[in-house]
1. Condition first: modelled with pLDDT under 95, over 15 Å from A119 (Cα atoms) and not hydroxyl-bearing (S, T, Y). Now tell me which residues in region 1-22 satisfy that.
2. Restricting to region 146-184, count the residues that are outside any loop (DSSP other than H, G, I, E, B) and without any contact (Cβ under 8 Å) to a residue 12 or more places away in the chain.
3. If you scan region 168-187, which residues turn out to be within 16 Å of V51 (Cα to Cα) and of a type outside the set (S, T, Y)?
4. For region 1-115, which helices (runs of 4 or more DSSP H) that fit wholly inside it have 2 or more residues that are in contact with a strand residue (DSSP E or B) (Cβ under 7 Å, 6 or more places away or on another chain)?
5. Give E173, E125 a once-over and let me know the one that is touching a strand residue (DSSP E or B) at 6+ places or on another chain (Cβ under 8 Å), at pLDDT 95 or above and surrounded by fewer than 13 Cβ atoms within 10 Å (Cβ to Cβ).
6. Which residues, taken from region 70-86, are surrounded by 12 or more Cβ atoms within 10 Å (Cβ to Cβ) and of a type in the set (G, A, S)?
7. Looking at G90, G150, G157, can you tell me which residue is under 19 Å from the mean Cα position of the chain (by Cα), modelled with pLDDT of 95 or more and within 18 Å of L182 (Cβ to Cβ)?
Amino acid sequence: MITPNHPPLIYLASRSPRRVELLKQIGIRCEILPADIDETPLQNETPNDYVVRLARQKAEACLDNAVVIAKPLAIIAADTTVELDGIVLGKPENDADASRMLQSLSGRVHQVHTAVSLAWQGKIEVILSTTKVELMPLSSAQIEAYIRTGEPHDKAGSYGIQGRAGAWIKRIEGSYTGVMGLPVFETAQLLRTKGLAVM
């Protein structure tokens with residue numbers, strides 16, 4: 001029985017500590033079960049379609065895991081990407097790539113897309129959150145200093161809104177937690193439809 005004293009337990013198809021904390025925030029316990037898939041965009045694939053596909057494929061990869069077969073639990077998987085002028089900005093390959101991305105985002109409005117998938121009882125459902133984000137104009141010195149912190153290395157678009165780059169965000173229109181990597185409203189909405197959420 002799911003109650004505030006007995007919160008639900010799910011698998012999270014991610015190594016992201018941010019996603020773990022966001023699930024905890026809405027009363028969901030999770031076991032980490034990372035899904036390693038090929039994240040190469042397909043030819044002519046839109047950023048929206050890209051994140052939805054990856055979120056679904058991550059859930060599918062977890063469904064095939066022997067751990068899930070032995071201990072069936074619901075699976076939450078997510079994927080986040082940054083879009084600027086129709087182009088996907090994923091995680092940077094190196095410092096030079098991070099610098100290039102941050103220069104392109106400087107003083108501009110971009111979109112952050114996060115797709116969340118829920119695999120439960122033989123079905124996979126996916127929901128998409130899109131948020132507009134405006135960055136202040138950035139100097140080369142600011143970008144170089146930020147890259148030295150190491151924060152950009154595992155972040156789509158080379159920045160994390162919950163970290164030092166949060167000081168650069170002039171405005172957002174949409175979900176703050178979606179920009180972090182797991183929109184809690186949409187995630188809770190998915191879980192509620194299956195009776196898996198207490199909030």
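1. Within region 1-22, M1, I2, P4, N5, H6, P7, R15, P17, R18 meet the criteria.
2. 3
3. G178, V179, M180, G181, L182, P183, E186
4. Working: elements: 17-25, 47-63, 66-70, 95-105.
Output list reads 17-25, 47-63, 95-105.
5. Every option except E173 fails the conditions.
6. Listed by number, the residues that qualify are A74, A77, A78.
7. Unique residue meeting the criteria: G157.
The rows are residues; the columns are (1) without any contact (Cβ under 8 Å) to a residue 40 or more places away in the chain; (2) closer than 18 Å to A165 by Cβ.
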| position | (1), (2) |
| --- | --- |
| A77 | no, no |
| T80 | no, yes |
| D85 | yes, no |
| D95 | no, yes |
| Q103 | no, yes |
| H110 | no, yes |
| A115 | no, no |
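The values are calculated or read from the model by the stated rules, or taken from the named source; none is laboratory data. Owing to the predicted nature of the structure, the values given are computational and were not obtained by experimental measurement. Here the Cβ is made from the backbone with ideal geometry for all residues, glycine too, and neighbour counts use every protein chain on show.
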